[in-house]
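Below you'll find the structure, written out as structure tokens, and then a few comments.
The values are calculated or read from the model by the stated rules, or taken from the named source; none is laboratory data. Because the structure is a prediction, the values reported are computed rather than measured. Every residue, glycine among them, receives a Cβ derived from its backbone with ideal geometry; neighbour counts consider all protein chains shown.
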Amino acid sequence: MASKPEKLLAVKGMNDILPPDSARWEWFEQEVRALMARFAYRNIRTPIVEPTPLFVRGLGEVTDIVEKEMYSFEDRLNGEQLTLRPECTAGVVRAVVEHNLLYEGGKRLYYMGPMFRHERPQRGRYRQFHQIGAETLGFAGPEIDAEMILLADALWKVLGLTDVRLELNSLGQPEERKQHRAALIAYFEQHADQLDEDARRRLHSNPLRILDTKNPAMQALVEAAPKLIDFLGEASLAHFNQVRAMLDAAGVAYTINPRLVRGMDYYNLTVFEFITTRLGSQGTICGGGRYDYLIEQIGGKPAPAVGWALGVERVLELLKEQGGEQPQPVPDAYAIVPDASALPTVLKCLQAVRAAGVSVQMHAAHSTSAQGAGGEGMGSMKSQFKKADASGAHYALIFGADELARGEVTVKALRDGVGAQTCHPLADVGAWAARLQSRT
Ligand code: ATP
Ligand code: MG
């Protein structure tokens, strides 16, 4: 005998999403789809693998993601450098450019799916995680910044999330950032002794990112650093103030955080994050902003854009934290099959039930060992009724020998009016299901 094969486990930081938890995921995704439709955003699905240069060029070389978090590999056949997408904005922009989608005007898009980052796994931080994101391309006005923030805000309301606050900032335009950058470098050089290793390394490559530091020892230093908002010109300030006025009119509260810079290089003007205090240091559930220069950077004709992405795991974690049970799906009916010889009839009959829109779980011979399958029969009526009950089904469809001899099936109520029974010709069971369906 060969030795027992070793048990294989999921990759560290990558999770299985199992029932009953998966019901919450499905519900969440449905709510998102419905809301996106109400805002007239359309779904886009891009590949999980993209050419590595897309992210290096798109996100910027001196970012956490590109420096240390990407899953990159070489295509074995042609040597092409590929990366599992760490985020989806770059892919969406690539697709929009590749298919010339802006030819006919602006686009409002959304996506959902897995992203991959090689981070230290902890609560709210995984190596495969899921994002839902919205991107609008081809719109330059502040109203679209506001619309995107209102979209996210509407989502929290639909989900019943409380304890989410909005932080807002403006990163201005490249020329304004250049002046701020010079002031920032001068300031940090004066205080070089207080910089940690990461900050020292970034001082001349990406000093703005030093403001984003999570190092508690550097907070006071960063707090007193020159603020970008003081370097904004008239046009940038006007854009920012219009976004604010629209949020004020819509009754969306926010605080201005002059240190909010976001992790990717591609942002300009408006940036924002939705934050909760209930998830510890992984409290940012959604972030985004304007990225008017990314499309050109990726090789397209210059066009303005705004986007955000939320972390699905963090949002679901927050919902769980807030309490409130996720209702679990239950079948409408459970098919009791006392004898295996009835199975061909049962399978056929249940197709008609399902075609009428009624859900039904069929009893099947249960075995925990591969070799034992089929050997243990269907189990007693009593054990089948127990399973029917445990399934939460409202009805049992009983395909007993007596019934089948008459060409019938018995429908027994398991919940409301428990015990009530009716008989139906097998050929009419679809009509029974249709009547049931029309009542609910
Ligand atoms: P953080 O500062 O927490 O690392 P980030 O700035 O890297 O976040 P974004 O790239 O803006 O995050 O991604 C948008 C959202 O995706 C985040 O606000 C967060 O909710 C979620 N997210 C990011 N990285 C992870 C991860 N490794 N695991 C789970 N969720 C994540
Ligand atoms: Mg990160």
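Limited to the stretch 173-232, what total is found for residues that are among the hydroxyl-bearing types (Ser, Thr, Tyr) and touching an Asp or Glu at 6+ places or on another chain (Cβ under 9 Å)? Don't jump to the end; show me each part of the working.
Just the residues of the stretch 173-232 that are among the hydroxyl-bearing types (Ser, Thr, Tyr), to begin with: 187, 205, 213.
Narrowing further to those that are touching an Asp or Glu at 6+ places or on another chain (Cβ under 9 Å): 205, 213.
Total satisfying the criteria: 2.
Within the stretch 110-118, the presence of a residue that is surrounded by fewer than 19 Cβ atoms within 10 Å (Cβ to Cβ), within 15 Å of ligand 2 (Cβ to nearest atom) and assigned to a strand (DSSP E or B) is excluded.
Taking every residue in the stretch 211-224 that is within 11 Å of PRO258 (Cβ to Cβ) and pairing it with any residue that is among the charged types (D, E, K, R), at least 6 positions away or on another chain, the pairs with Cβ-Cβ distances below 6 Å are LEU211/ARG259.
Residue pairs whose Cβ atoms lie under 7 Å apart, sitting 6 or more positions apart in sequence or on different chains, and linking a residue in the stretch 55-80 that is closer than 21 Å to TYR291 by Cα to a partner that is in a strand (DSSP E or B) and within 16 Å of ligand 2 (Cβ to nearest atom), are PHE55/THR83. On the basis of being of a type in the set (D, E, K, R), closer than 30 Å to ARG117 by Cα, in contact (Cβ under 8 Å) with a residue 60 or more places away in the chain and not in a loop (DSSP other than H, G, I, E, B), does GLU296 make the cut? Here the answer is no, as GLU296 does not meet what is asked.
Apart from one condition, THR277 fits all of (1) exposed (fewer than 13 other Cβ atoms within 10 Å of the Cβ); (2) not small (Gly, Ala, Ser); (3) not assigned by TED's automatic domain parsing to the domain that holds GLN122; the exception is (3).
Of the residues making up the stretch 252-287, those that are β-branched (Val, Ile, Thr) and in a strand (DSSP E or B) are THR255, ILE256, THR270, VAL271, ILE275, THR284, ILE285.
How many residues, within the stretch 402-422, are in contact with a Cys (Cβ under 9 Å, 6 or more places away or on another chain) and surrounded by 14 or more Cβ atoms within 10 Å (Cβ to Cβ)?
Looking only at that region, the number is 5.
Checking each residue in the stretch 313-350 for being in contact (Cβ under 8 Å) with a residue 12 or more places away in the chain and acidic (Asp, Glu) picks out GLU313, GLU317, GLU321, ASP332, ASP339. Scanning the stretch 99-127 for residues that are more than 8 Å from ligand 1 (Cβ to nearest atom), aromatic (Phe, Trp, Tyr) and touching a residue at least 40 places away in the same chain (Cβ under 8 Å) yields TYR110, TYR111, PHE116.
Those helices (runs of 4 or more DSSP H) of the stretch 153-251 in which 1 or more residues are within 28 Å of the chain's Cα centre (by Cα) occupy 234-250. Taken together, PRO338, PRO344, PRO425 contain a single residue that is over 23 Å from PRO20 (Cβ atoms) and surrounded by 14 or more Cβ atoms within 10 Å (Cβ to Cβ), which is PRO338. Answer with yes or no whether ILE144 is surrounded by 15 or more Cβ atoms within 10 Å (Cβ to Cβ), more than 16 Å from ligand 2 (Cβ to nearest atom) and not in a strand (DSSP E or B). Answer is yes for this residue. Of the set (1) under 30 Å from GLU104 (Cα atoms); (2) of a type outside the set (Lys, Arg); (3) within 14 Å of ligand 1 (Cβ to nearest atom); (4) touching a Phe, Trp or Tyr at 6+ places or on another chain (Cβ under 6 Å), all apply to GLU313 but (1). Of everything in the stretch 35-53, what is within 13 Å of MET112 (Cβ to Cβ) and of a type in the set (A, V, I, L, M)? Give them in sequence order. Passing the criteria: LEU35, MET36, ILE44, ILE48.
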